Every structure is written in C-alpha cells, then in structure tokens.
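Below you'll find the structure, written out as structure tokens, and then a few comments.
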Amino acid sequence: MKIKSLFKNSFFSLLSQLILLLFGFLSQRAMNLYLGTELVGMNGVISNVIAMLSVTELGISTAIVYHLYSALVNKDEQEIAALMNLYRKAYYMFAVILAVLGLMITPFVHLFMKNESYSIGYVRVLYLLWLFRTVISYPLSYKKSLLIADQNEYIVSIVTILTNIIGYSAIILFATFTREYLPALAAGIIGDTVLNLWVNHYVDCKYPFLVKMKKEKPKQELVSKLFNDLKNVFVSKLCMNLLNGTDNLIISGFINITTVGIFSNYGLITRSVSNIIRALASSIQPGIGNMFVESDSEKNYRVLRQMTFLFFLIVAVAACGLYVLIDPFVEDIWLSADFLWDPASVFLSVTACVLLGIGQPITVVMDVSGLFNRERTLSIITAVVNLVVSLALVIPFGTVGVLLGTCLAYLIQIIYRIVVFFGEYIKMDAKRYVFDLLEYTILFVVEVWLSKFAVGLMYSHSFLSFLGAVGICVVIPMGINVTLFYKSSRFKSLTQIFSTVNKKKIIL
C-alpha cells in the first residue's frame, strides 16, 4: 500500500468534505431563510427523481474500476486504455438514455410532490436544470475514475473543493440578494463543466497512452467478465437507489413537501458526517484493492479488523456529537427553534448515520473482493425491506416509520456482508469480528450517555457553551477508547501505520 498516497488522498478527501459541509450549511441556511423550506424539500425530491433515472448508468463505473486495480498494478497500458475506451462509450450512451428518459417524465414531475407555493412551470424548469447538470456530467467526468483507481484521488478532491465553492457561493449570493435560485443553479452548472474539462485535459497529459490508444478494444475474455459483473452491479445499483432515494418521495407523497424540507435539513447534517466517513473509506479503498489482489486471507482479515477499529474511533466521536448536539446546533447555531424535528425521528436519523459509518469497512472489503453477485442479492433484500417497512409505517408513524425501514436495511447490510465475506471469501470464523462490533456498540451507548449527561450540566444555549459541548463530545469517547485500547494490537497497528507515513510501503 502506498502510505504517502493514502494519507494525501485521505487529507484532501476529508478537506473536501469539510468544505462541502461548511458551504453546504451556509447555502441551505440561506435557502431556508430567504427562499423557504418548501424549495429545500422540492430540491430533495427532484434530486431523488434524478437519482432514480441515473440507474441507467448500470454500475459500469464500479465494475471497470475493479478491473482497473489489477491493470494498474501490472502497468498494463493496453488494458487500461481499452477499459477507459469502453468506459467512455458507455457513458456517452448513458447520457443519451438519461436525457431521453428525463425529458419523457418532465410533464409529470410535479406529481411527485405536494407543493402549494410554486407553479408547475417553475418546478419543471428547476427539474430540467438538474437533469441537464446530471446528463452533461457523464461524458465529462468518467476519467476521474482512473485517477481514483491509481491512488491519485487527491486531484479529484481538489476539483471537488473548487466545484463546491463555486456552486454553493452562487446559491448563497443569489438567495440572499435576489431571492432567486435558478440563476444560482445555472452558475453551478457552468463551474462544474469548466472544472470537469480541466480534469479531462489533466488525465490526457498524465496518461498520454490514452490518446494514442483511443481505438484500443478490450479482449473478449475481459468484456465477458465485465458484463457478467455488470449484471450483478446493475441490480445492486438499482436497489441502492431505491434504498437511498425513496425516503423523500414517500414523505412527499404521504405527508407534504414542507416535512421533506425539515427532513432534508437534518439529513444534511447526518449526510455530511456520513460523507466524511465515506470519503475516508473511498480514499483508502484503492490501496485495499491493491492489497487484496494477493488473496492472503489472514492478512485480509487483519486489515479488516484494523480498518474497523479506526472507523470505530471516528464514528464514536460522530455518534456522541450527533446524538447530543444535533438539536442544539439546529436551534441555537444554524437555524432556529422553528426548524426542530420530533425527537424520535432525530434519534433514528442519527442511528442510520451511525450504522452506515460502522459498516464502511466491511463494505470496502466486499467492494474490492469482487463479490458483485452477493451484493446484488443484498441490494434486493434491503431495498424491499426498506420500501415495505416504510410504506407500511409511514401513515401510522409518519417519518419515524420511514426511518425505521432505513435503519433496518442498514443493519441487514452489515450482517449479510459479514456472513458472505467471512464464509465465502476468506473462509474464516467471524465470531471474533462480531464480538468486536458488539464491544464497540456497548461503548457507543456508554459514551453517548456520558456525553449527554456532561453536556446537560453546562449547556446554556450560547455559542461558547456549544463549543464547550463539542469539546466534551470529542474528549469523552476518545478518552475512554484510548484508555481501553492503547495496549491492544489494533491500537498498536494504527500507531505503526501513522508512524510510517514517510516510508514508501508498509507490510500489514
């Protein structure tokens, strides 16, 4: 594993997410205060509709990046070029399909939301701008995957930082001074396009053989294997979109668009935390993928345990902060008491975020193991569970019922992936790993309770007391975990990794 690349990718990926978090909160605050909660909710519903249509991508990016790992390790320029050529053709085709499907449902897009403040014409224009932004991203963004697979994700992160600054700044300025959203969205599209064009030029310069071998075709054996993977990845992608994209649609259809706006506000907080955790997972995944090429079961198991421990340390702090401070943040720092949500919905929203975070290590190893057929089965199960539970409970329990379905689906994902990875890939007993997760869960509960108790003694709804509460929610979980684990092999292995940042390689 290239430790320098890993830390560089991780640093810029996390920096990108932090900037996204800061500007995201500022822009959504401007939208809530100056444009209204309904527009926030409408944005959320439209983005989910676009996500559903984007299933036409079939998941080819996942399958091709998986095959790029071995081609890059072997420095096989011919295979890399062939894969990227196939990637380009596929993404041009998907852009056309998405545009056609998107235009077909334009006359009906207003039916997805209960909206009382905006005209049908306005809703359609907003939808078409989002559709154009997504369609044009296909032919312009596929080359980023090569940088990511080659452990140069930091370049993509820097571009993402610039994109976020341009897009969110436009929203803040237009919402604050003109009370208009559509021009801001148009400015963001222009910024995205320019930066994606620059990335394409950079990739062509860094990998000149791509231009020379622009007509190179992959071997038939590779194509057959790729399309076999695609059959599984496509179903997984479709079901994941159903899992992650139906909550807003169900709430909008059964409750109202204003509730979607409140849901989106809290979702921005939990999603920002989840994105930071996912960014860390994404930045280390190429390195893990290169290591798993060796198929050393014992080594792969040790990597999973070490990675899970690292994510536990991070998620413990996130859990304390979210469970204890999400309402004070909304009420006293970000918006106002008018935007608070009911406690049960808040609890389940945070729980879903925690489950997603602690499940990232097993998700990463499943992705790099190429077990796409098993992911397909899992995706179908979780999508069906989420949809059935959410639809069954939304009328009697409202957003609580919808979030129960989401939490149950994420829990099933963790359990299923553990069973498959240990039983079919490394063929080892999973008891030790399951015990680790149970141990971490107990510590989550204790640390959150202690943090909530300590914050309750000092919080006074002021900015300074909020900063003090943040400190408590960091110190308590970190203090307990370092005290309990500093002599353990898991903690020592992390210390070893951080101490060898300046070395070229590390043997795990």
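Mind checking which pairs have a first residue in segment 474-492 that is free of Cβ contacts under 8 Å to residues at least 12 places away in the same chain and a second that is part of a helix (DSSP H, G or I) and surrounded by 15 or more Cβ atoms within 10 Å (Cβ to Cβ), Cβ under 8 Å, 6 or more apart or different chains?
Listed by first residue and then by second, the contacts come to Val482/Phe491.
Where residues in segment 61-74 are open to solvent by less than 10 Å² (accessible area, probe 1.4 Å) and under 30 Å from Met104 (Cα atoms), which of them is modelled with the highest pLDDT?
Ile64
For segment 1-42, name all the residues that are touching an Asp or Glu at 6+ places or on another chain (Cβ under 7 Å) and of a type in the set (Gly, Ala, Ser). Steps first, please.
Looking only at segment 1-42, we keep the residues that are touching an Asp or Glu at 6+ places or on another chain (Cβ under 7 Å), and these are 9, 13.
Of everything in segment 1-42, just one residue is touching an Asp or Glu at 6+ places or on another chain (Cβ under 7 Å) and of a type in the set (Gly, Ala, Ser), namely Ser13.
For Asp342, are the conditions met, namely being among the acidic types (Asp, Glu), touching a Gly at 6+ places or on another chain (Cβ under 9 Å) and buried (at least 20 other Cβ atoms within 10 Å of the Cβ)?
Against the criterion (among the acidic types (Asp, Glu), touching a Gly at 6+ places or on another chain (Cβ under 9 Å) and buried (at least 20 other Cβ atoms within 10 Å of the Cβ)), Asp342 does not qualify.
Answer with yes or no whether Ile442 is loosely packed, with under 14 Cβ neighbours inside 10 Å, touching a residue at least 40 places away in the same chain (Cβ under 8 Å) and assigned to a helix (DSSP H, G or I). Outline the logic, then answer.
Values: loosely packed, with under 14 Cβ neighbours inside 10 Å: yes; touching a residue at least 40 places away in the same chain (Cβ under 8 Å): no; assigned to a helix (DSSP H, G or I): yes.
The answer is no for Ile442.
Suppose we filter Leu484, Leu464, Leu450 for residues that are at pLDDT 85 or above, exposed (fewer than 12 other Cβ atoms within 10 Å of the Cβ) and either part of a helix (DSSP H, G or I) or not aromatic (Phe, Trp, Tyr) (or both); which single one remains?
On the way: Leu484 fails: exposed (fewer than 12 other Cβ atoms within 10 Å of the Cβ); Leu450 fails: exposed (fewer than 12 other Cβ atoms within 10 Å of the Cβ).
So the residue among Leu484, Leu464, Leu450 that is at pLDDT 85 or above, exposed (fewer than 12 other Cβ atoms within 10 Å of the Cβ) and either part of a helix (DSSP H, G or I) or not aromatic (Phe, Trp, Tyr) (or both) is Leu464.
Take the residues of segment 10-30 that are under 17 Å from the mean Cα position of the chain (by Cα) and open to solvent by less than 20 Å² (accessible area, probe 1.4 Å): which is nearest to Asp247 (Cα to Cα)?
Gly24
What residue, of Leu58, Leu33, Leu53, is at pLDDT 85 or above and open to solvent by 10 Å² or more (accessible area, probe 1.4 Å)? Outline the logic, then answer.
Working: Leu58 fails: at pLDDT 85 or above; Leu53 fails: at pLDDT 85 or above.
Only one candidate qualifies: Leu33.
Mind listing just one residue for me: the one in segment 238-294 that is open to solvent by less than 10 Å² (accessible area, probe 1.4 Å) and among the aromatic types (Phe, Trp, Tyr) and, of those, modelled with the highest pLDDT?
Looking at residues that are open to solvent by less than 10 Å² (accessible area, probe 1.4 Å) and among the aromatic types (Phe, Trp, Tyr), I get Tyr266.
Could you please tell me which pairs satisfy a Cβ distance under 6 Å, a separation of 6+ or placement on different chains, a first residue in segment 90-107 that is part of a helix (DSSP H, G or I), and a second residue that is of a type in the set (S, T, N, Q)?
If the second residue must be of a type in the set (S, T, N, Q), the pairs left are Phe94/Thr56; Ile97/Thr56; Leu98/Thr56.
If you scan segment 212-237, which residues turn out to be crowded, with 16+ Cβ neighbours inside 10 Å and of a type in the set (A, V, I, L, M)?
Met213, Leu222, Leu226, Leu230, Val233, Val235
Among the candidates Val394, Val400, which residue alone is under 30 Å from Val474 (Cα atoms), touching a residue at least 40 places away in the same chain (Cβ under 8 Å) and open to solvent by less than 70 Å² (accessible area, probe 1.4 Å)? Show your work before the answer.
Values: Val394 fails: under 30 Å from Val474 (Cα atoms).
Among Val394, Val400, only Val400 is under 30 Å from Val474 (Cα atoms), touching a residue at least 40 places away in the same chain (Cβ under 8 Å) and open to solvent by less than 70 Å² (accessible area, probe 1.4 Å).
Across segment 110-124, what is the number of residues that are in a helix (DSSP H, G or I) and either crowded, with 20+ Cβ neighbours inside 10 Å or at positive phi (or both)? I'd like the intermediate steps shown before the answer.
First, the residues of segment 110-124 that are in a helix (DSSP H, G or I): 110-112, 120-124.
With the extra rule that they be either crowded, with 20+ Cβ neighbours inside 10 Å or at positive phi (or both), the set shrinks to 112, 123.
Total satisfying the criteria: 2.
Let's see how each residue does on (1) part of a helix (DSSP H, G or I); (2) in contact (Cβ under 8 Å) with a residue 60 or more places away in the chain; (3) open to solvent by 60 Å² or more (accessible area, probe 1.4 Å):
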{"residue": "Tyr154", "(1), (2), (3)": "yes, yes, no"}
{"residue": "Leu162", "(1), (2), (3)": "yes, no, yes"}
{"residue": "Ile171", "(1), (2), (3)": "yes, yes, no"}
{"residue": "Arg179", "(1), (2), (3)": "no, yes, yes"}
{"residue": "Trp198", "(1), (2), (3)": "yes, no, yes"}
{"residue": "His201", "(1), (2), (3)": "yes, no, yes"}
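The values are calculated or read from the model by the stated rules, or taken from the named source; none is laboratory data. On a predicted model such as this, the values are computed, not experimentally measured, just so you know. Reconstructed Cβ throughout: ideal geometry from the backbone, glycine too, with neighbour counts over all protein chains shown. These accessible areas exclude ligands, DNA and RNA; they are computed on the full protein's heavy atoms, side chains included. Shrake-Rupley method; radii C 1.70, N 1.55, O 1.52, S 1.80 Å.
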